[in-house]
Amino acid sequence: MGQTVHRPNFGGRDVELDQILHRVGRLNYTWTNTESLLIHLIAGLAEVEKDVAVVIFLTLNTTRARVDMVERLSKLQRTPPNLRDDILALTSRLVREAALRNKYNHCIYSFDADSGGIQTIMMRIQDRRKEIKVGKTEALTSDKAADIDSCIARLEALNVDIWELVRKHSFPL
């Protein structure tokens, strides 16, 4: 006899694992696509060819380092204040979305065999004064799914806004 397979229950309705993975995959794709636009900001602010900016971008191996580079270049005296302010506003939006993106890209997903509920297990050590904690779990509810969808929409809007700035200032494409 075969075993009964429990399907994940997500906010009171049955959902395939593929739907969860699709959502997280879409978040990751949208994030990566938007983060890569920092290449054009680096090229424009550093006044280098796009190929040089690609090398700089790839050499800086974290989002934080890439954002720091863009922000520091924008703060140079030669950058007009309005351009600096626009860039800092854009990078601030990107940084705000990083927490949710990191949460769902750096966790393990588990399934409750009885309820079918999906949980995230954070793959992070939480240092306390006299102890450590690992494996914080959180139920993946319909509200959490909506948070992911909202993050994707904000990243898509940010992507459009970065492209608009790149074109407005004739940064290398």
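Points worth noting:
- If you wrap the tightest convex hull around every Cα atom of region 32-121 and split its volume per residue, you get 97 Å³.
- Qualifying GluC sites (Glu not before Pro) for region 32-89 [loop in DSSP, other Cβ within 10 Å: at most 13]: 47, 49
- For the chain, the relative contact order is 31 percent, taking Cα pairs closer than 8 Å that sit 6 or more residues apart in sequence and dividing their mean separation by the residue count.
- Scaling against 2.2 N^0.38 Å puts the C-alpha radius of gyration of region 93-139 at 1.39.
- Anisotropy class of region 67-173 from Cα gyration tensor, a/c 1.5 cut: oblate
- Region 84-152: GluC sites (Glu not before Pro) in DSSP coil with no more than 12 other Cβ atoms inside 10 Å: 131
- Restricting region 87-173 to trypsin sites (Lys or Arg not before Pro) in coil, as DSSP defines it, with at most 15 other Cβ within 10 Å: 124, 128, 129, 130, 136
Here, each number is a calculation from the coordinates, and none is a lab measurement. Given the structure is predicted, the values throughout are model-derived calculations rather than measurements. Heads up, the Cβs are rebuilt from the backbone with ideal geometry, glycines too, and the neighbour counts pull from every protein chain shown.
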